[in-house]
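The structure under discussion appears below in the form of structure tokens.
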Amino acid sequence: MRTLSIVLVTIALFIFSCGSGSSSENAAATTAPAVSAAPAYDQSLVRGKVTDSVICKNDNGQSYALYLPSYYSSDKKFPCIYFFDAHARGSLPVKTYKDLAEKYGFVLVGSNISKNGTQWQVTNDGVKVLMDDTRMRINIDPKRLYTSGFSGGSRVASTIAILDGGVAGVIGCAAGFPQSGQAFQSKFDYFGLVGDYDFNLTDMEQLDEALAQNGFAHQLLTFNGKHEWPPIAAFQMGLLWIQINGMKENLQSKNDSLISDLRKDYDQRIIVAEKSGDIIKAHDLLDGIVRALGGITDVSSYQKQLTALVEGNNFKNAVVAEAQLQKAEISEQQELAKQFAQQDEKWWAKKIAELSNAGNGRTQKESQMNKRLINFIGLLGYMNANHALNIGDLTSAATYLKIFKMADPQNPDCSYLTAIYYMKKGSQQEAIASLSEAASLGYCDAAQLISDRVFASLQNNAAFNNVVAKIKGNISK
């Protein structure tokens, strides 16, 4: 049986509110073969309903959200997806995608511990505890282990697969691989999902190209959104895709219904791409369906479409334009990062206004790029404000928070950091008001709020405790 043996390494993860897996035990020689006892799986786990917090038996400080299909039985092995959210919101992806798990027969596990800003060794230890606990209590198919994550959690999901051969595939959302020389040492299937307005789109496009060059089964799918967990329909395509690859790799039996469903999904997306004039997306989808379904069903008609498209001048021109736009976006990101600490609020307000102007983009692709650049400014605001607060530079923090707010007004992290700013200024009332705003915007990391030392003096404050209760309520939404 192949099991995960997470390897401890140090990897620099760029994150934001962003050996093989085979193992064996050497037993002492005996005169008679050992008889393995049947695993005593946990029969108390709830089926057909999300459990927000399952406490790990060997570490009471670790927990995970869990969904078992209503027809789950410990007598049968089930495929499993381990989720890693950027803010340790284990129940968020589990609740979002539970109907897909019910339809396709997957166990879903969402870490309540892994989150952005945590040292890799701590994350690694937590992942090991999580996976050991689930394997002990749930009958999980060791050949069909998958990981998925959002933002920094996506990099965690990829890191687990990179460092161990026991992961069959990754559904990476809103961020690519960690920055590591070991990135391609283990082969696994990779389905990437990213919003058209996500500042990490270029990163994921470059990863998709690298996966192709290194012989990975891969697909990148974009959706109408920004830096966020993908919509159910997009994730469903990823779930279908990994199952079809599982059939080709003899990890599961052939299922014509699933093949038909994936074909229909591709067909619909190809039609939309063609109607919108997005030649690059049409190409990527045609190329994807040929690779995904080739060898398991007839794809000759798609291959003809793909060949005709590639040989046309429109496609060649689109490729050149796409490369130029990608280069321009990377250059602009570098310039924005360079200017961030040098320019005042008025300069940034003007810059954001310019990028927000719909007429600023001559094409739809350029308009999408401009929105991504605004979101990138929000990322810069978060990172710089967080750093300024950590070193006690409240003057700079105030400026960075205002820029963050201008670029991404609905981001609860901005309100949370603003609350920290006010606490450091000695303004408790303003801090609680900012926390209340964070809660209203969906902030749900109650554990972080309660453990954050900067708010220690508010523990007996009724208004503060009301906000804590509201944030805890966000967890279960």
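Here, each number is a calculation from the coordinates, and none is a lab measurement. Everything numeric here is computed off the predicted structure, so don't read it as measured data. Methodologically, a virtual Cβ is constructed for each residue, glycine included, from the backbone with ideal geometry; neighbour enumeration extends over all protein chains shown.
Of the peptides 53-61, 73-81, 104-112, 396-404, how do they stack up when ordered by the mean number of other Cβ atoms within 10 Å, highest first? Don't jump to the answer; show the numbers that get you there.
Numbers: 53-61: 13.7, 73-81: 17.2, 104-112: 24.0, 396-404: 22.2.
Top to bottom by mean Cβ count within 10 Å: 104-112, 396-404, 73-81, 53-61.
Please state the charge dipole magnitude for segment 146-245, taken about the Cα centre, from unit charges on C-beta atoms (+1 on K and R, -1 on D and E), reported in debye and rounded to the nearest 20.
Values: 3 positive and 9 negative charges, 43 e Å.
Magnitude of the dipole: close to 200 debye.
Relative to the compact globular guide of 2.2 N^0.38 Å, what is the alpha carbon radius of gyration of segment 410-477, as a ratio?
Numbers: Rg = 10.6 Å, N = 68, 2.2 N^0.38 = 10.9 Å.
Ratio of Cα Rg to 2.2 N^0.38 Å: 0.97.
Starting from the Cα-Cα distance between residue 233 and residue 271, subtract it from 0.36 nm times their residue separation and give me the gain in nm to one decimal.
Values: separation 38, 0.36 × 38 = 13.68 nm, distance 1.61 nm.
Stretched out fully, the residue 233 to residue 271 stretch lengthens by 12.1 nm.
By per-residue mean of other Cβ atoms within 10 Å, what is the highest-first order of 382-390, 64-72, 291-299, 43-51? Don't skip to the answer; put the middle values down first.
On the way: 382-390: 19.4, 64-72: 21.0, 291-299: 15.8, 43-51: 12.3.
Answer by packing, highest mean first, reads 64-72, 382-390, 291-299, 43-51.
Using the beta-carbon distance between residue 466 and residue 59 and R0 = 25 Å, what value does 1/(1 + (r/R0)^6) give for FRET efficiency, to the nearest 0.05?
On the way: r = 31 Å, r/R0 = 1.25.
Once rounded, the FRET efficiency stands at 0.20.
Can you give me the distance in nm between label points at residue 330 and residue 214, each placed 7 Å from the Cα along the Cα-to-Cβ direction?
Taking the two extended label points, one gets 1.7 nm.
Once fully extended, how much extra length lies between residue 427 and residue 341, figured as 0.36 nm per residue of separation less the alpha-carbon to alpha-carbon distance?
Working: separation 86, 0.36 × 86 = 30.96 nm, distance 2.55 nm.
Extending this stretch completely gives an extra 28.4 nm.
Over all Cα pairs of segment 271-318, how is the pair count split among 10 Å bins, expressed in % and running from 0 up to the last occupied bin?
Reading upward from the zero bin: 28, 55, 17, 1.
Can you tell me the Rg and Dmax of segment 339-428, counting just the alpha carbons, in angstroms?
14.1, 48
Quick one: work out the % antiparallel among DSSP beta bridges in the chain, nearest 5. Don't skip to the end; give the middle numbers.
Values: 11 of 38 bridges.
DSSP beta bridges in the chain are roughly 30 percent antiparallel.
Could you compute how fast segment 110-241 diffuses translationally, taking Rh as the Kirkwood radius over C-alpha pairs and applying Stokes-Einstein at 20 °C with viscosity 1.002 mPa s? Give it in µm² per second.
Working: Rh = 15.0 Å.
It diffuses with D of about 143 µm²/s by this estimate.
Using the 2.2 N^0.38 Å rule of thumb for compact globular proteins, work out how segment 263-414 stacks up: its C-alpha Rg over that value, please.
Numbers: Rg = 20.9 Å, N = 152, 2.2 N^0.38 = 14.8 Å.
Normalised Cα radius of gyration, segment 263-414: 1.41.
Just to compare against my own numbers: the Cα pair-distance distribution for the chain, 10 Å bins, whole % per bin, please.
Over the chain, the share of Cα pairs per 10 Å bin runs 4, 18, 28, 26, 16, 6, 2, 0, 0 percent.
So if each residue of separation counts as 0.36 nm, and I subtract the Cα-Cα distance between residue 314 and residue 297, what length gain in nm does that give? Spell out each step's value before the answer.
Values: separation 17, 0.36 × 17 = 6.12 nm, distance 2.94 nm.
Using 0.36 nm per residue and subtracting the Cα-Cα distance, I get 3.2 nm.
May I ask you to order 329-340, 426-437 by the average number of other C-beta atoms within 10 Å around their residues, highest value first? It would help to have the intermediate numbers written out before the result.
Numbers: 329-340: 14.5, 426-437: 18.0.
Top of the packing list down: 426-437, 329-340.
List the relative contact order of segment 51-253 as a percent without decimals, with contacts defined as Cα pairs under 8 Å and 6+ residues apart. Mind dumping the intermediate values first?
Working: 446 pairs, mean separation 33.5, N = 203.
17 percent.
What is the calculated FRET efficiency for residue 41 to residue 125, with r their C-beta to C-beta distance and R₀ = 35 Å, to the nearest 0.05? Before the final figure, lay out the partial values.
Working: r = 24 Å, r/R0 = 0.69.
According to the calculation, E is roughly 0.90.
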